[in-house]
Amino acid sequence: MRWIKFIVLLVVVTLLQAEFINLIGIKGTAPDLLLILLIFFAVHFDITDAIVASFITGFAFDLIGPSVGPGVISFGLLGTLLARLNKFIAIRKIPYQIAAVFIVGVLTGILIYLLNLFKAQYITLRFFPLVFGRSLYSGLVGPLLFLPFFWLFRLGPHRFARGRF
Amino acid sequence: MMARKKVKVSGRMLFTWFMLAGFILLFIPDKITSRLQLSFAYIFRFPLRIGYSISLSAPTQDFKRDFVSRNEYSKLHTHLMNVVEDCNEAYQKIEQLAGYRKLKPLEGADFVLANVCDVSDGKLVIDRGQNDGVSLGQFVLCYNSIIGTVSQLSPGTAEIELFTGPSAKMQVQVADEQAILNGTGDDRAEIRFIPKTKTIKTGDSVFASKKPGFLNGTMLLGKVTSCTIDDDNPFFWDIKVEPVCNLKRVTDVAVIVIKK
């Protein structure tokens, strides 16, 4: 079942994001692998699976974050919106994928920041540089990481039909 | 065998359920949700520990320093407020010092600003002492008038003998006549042995006399409140003097330090 592949992939990516991703950081900014995973599932899988994957990815984001809840809501909401948007505008070309990762990264960053303020969890000293830097870096790295994901889920990179779990 | 009926849930329903779950997690207190995070950290402690060791040894910048917890933020904010208050106090002291420096007799003098810790009859204790450059005999200012001199000293504090103190004596000048001012206690002082030939009236200013090494010029000390014929010696005046400021309400003073 592909759900098992999804869970295993998600756990591996979460662990990488928690402790290993700083190794490729540039001036304190590192890509967000969970964000890239979110975009991959939202763009290349059908809506129902994309919704489930988005929320679970958000939960994984919260498990290594300061509080539980903001990631679930932000990732779930934006992943769902992107999956619905993908119904009308196929995000296939790399520049569009980079833009999608960047925009969703910024929006999730803002939403997570606001929801964390609500929970009074932490104060970010350099919020905007970090969110924009992280989103840009993720956008540049994202399309590269889609290739191993395609291989894992046996999807063709240019296949129009979306995959299913 | 009966085929299992596949339950199909619409995307909207799924979205609604998950959003509800998200908001429930958001509103649950952190004490409870943090257990999920701790469980994850416990289950995957080995790979996380390896990653942490690799991160520590790698020459990368730690961007986690850009984030602080609420407690840390509160501490920093409190510290900032304290520093701002210290800064405001310092500005006030600078203004006070600037005011003193405008007075001609104090040109070229340094000042040690001090807070009054204790007030008793004829004496003040201040929070500056030997370590701050205070010495015995130095004059003390308050509201641009002399109120006394340093009579006792310790490393961190000093005792000021007010000129109104029962045992205080100070050389003064009134109506161009040099005289000795004696404190009588009860916030008053008297001047005796000024000849009756001198014209002195109520309201005349009394000045502390110049004293080389301690005071470069005469400075206001008090006002004459009464001038009557001395009962013991009818050829002299009995002059009563009061300070220009309320010595019982003094909260901060300046010790004059003449530069050598």
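Remarks
- Looking at the range B:117-183, the strands (runs of 3 or more DSSP E) lying wholly inside it that each contain 1 or more residues that are over 19 Å from B:Phe214 (Cα atoms) sit at B:123-126, B:169-174.
- Subset of the range B:65-96 that is assigned to a helix (DSSP H, G or I) and among the aromatic types (Phe, Trp, Tyr) - its residue that is nearest to the other protein chains (Cβ to nearest Cβ): B:Tyr73
- When restricted to residues that are in a strand (DSSP E or B) and either open to solvent by 30 Å² or more (accessible area, probe 1.4 Å) or touching a His at 6+ places or on another chain (Cβ under 6 Å) (or both), the range B:228-244 contains 6.
- Any chance A:Gly65 is within 11 Å of chain B (Cβ to nearest Cβ) and buried (at least 24 other Cβ atoms within 10 Å of the Cβ): no
- Taking the range B:216-227 as the range and being touching a Ser or Thr at 6+ places or on another chain (Cβ under 9 Å) and assigned to a loop (DSSP other than H, G, I, E, B) as the test, only B:Thr218 passes.
- Top-ranked residue of the range B:24-53 - restricted to ones that are within 7 Å of another protein chain (Cβ to nearest Cβ) and open to solvent by 60 Å² or more (accessible area, probe 1.4 Å), ranked as farthest from the chain's Cα centre (by Cα): B:Leu36
- Residue match in the range A:89-98 (condition: part of a helix (DSSP H, G or I), open to solvent by 40 Å² or more (accessible area, probe 1.4 Å), out of contact with any Pro (no Cβ under 6 Å at 6 or more places or on another chain) and not hydroxyl-bearing (Ser, Thr, Tyr)): yes
- For the criterion of being in a helix (DSSP H, G or I), more than 9 Å from every other protein chain (Cβ to nearest Cβ) and either open to solvent by 50 Å² or more (accessible area, probe 1.4 Å) or not hydroxyl-bearing (Ser, Thr, Tyr) (or both), A:Leu9 passes.
- Residue match in the range A:73-81 (condition: touching a strand residue (DSSP E or B) at 6+ places or on another chain (Cβ under 7 Å), within 18 Å of B:Met13 (Cβ to Cβ), among the aliphatic types (A, V, I, L, M) and surrounded by 19 or more Cβ atoms within 10 Å (Cβ to Cβ)): no
- A:Gly109 vs. criteria modelled with pLDDT of 85 or more, within 11 Å of chain B (Cβ to nearest Cβ) and either in a helix (DSSP H, G or I) or on the phi > 0 side of the Ramachandran plot (or both): no
- Residue within the range A:88-98 that is within 13 Å of chain B (Cβ to nearest Cβ) and at pLDDT below 95 present: no
- Of all the residues in the range B:6-20, those that are assigned to a helix (DSSP H, G or I) and either facing another protein chain (nearest Cβ under 7 Å) or more than 23 Å from A:Ala42 (Cα to Cα) (or both) number 5.
- Only residues that are surrounded by 22 or more Cβ atoms within 10 Å (Cβ to Cβ) and at the interface with chain B (Cβ under 9 Å from one of its Cβ atoms) were counted in the range A:37-51, giving 2.
- Only residues that are open to solvent by less than 70 Å² (accessible area, probe 1.4 Å), in a loop (DSSP other than H, G, I, E, B) and not aromatic (Phe, Trp, Tyr) were counted across the range B:186-215, and they come to 6.
The values are calculated or read from the model by the stated rules, or taken from the named source; none is laboratory data. Given the structure is predicted, the values throughout are model-derived calculations rather than measurements. Ideal geometry is used to build each Cβ from the backbone, glycine not excepted, and the neighbour counts take in all protein chains shown. Side chains included, ligands, DNA and RNA excluded: accessible areas come from the protein's heavy atoms. Shrake-Rupley method; radii C 1.70, N 1.55, O 1.52, S 1.80 Å.
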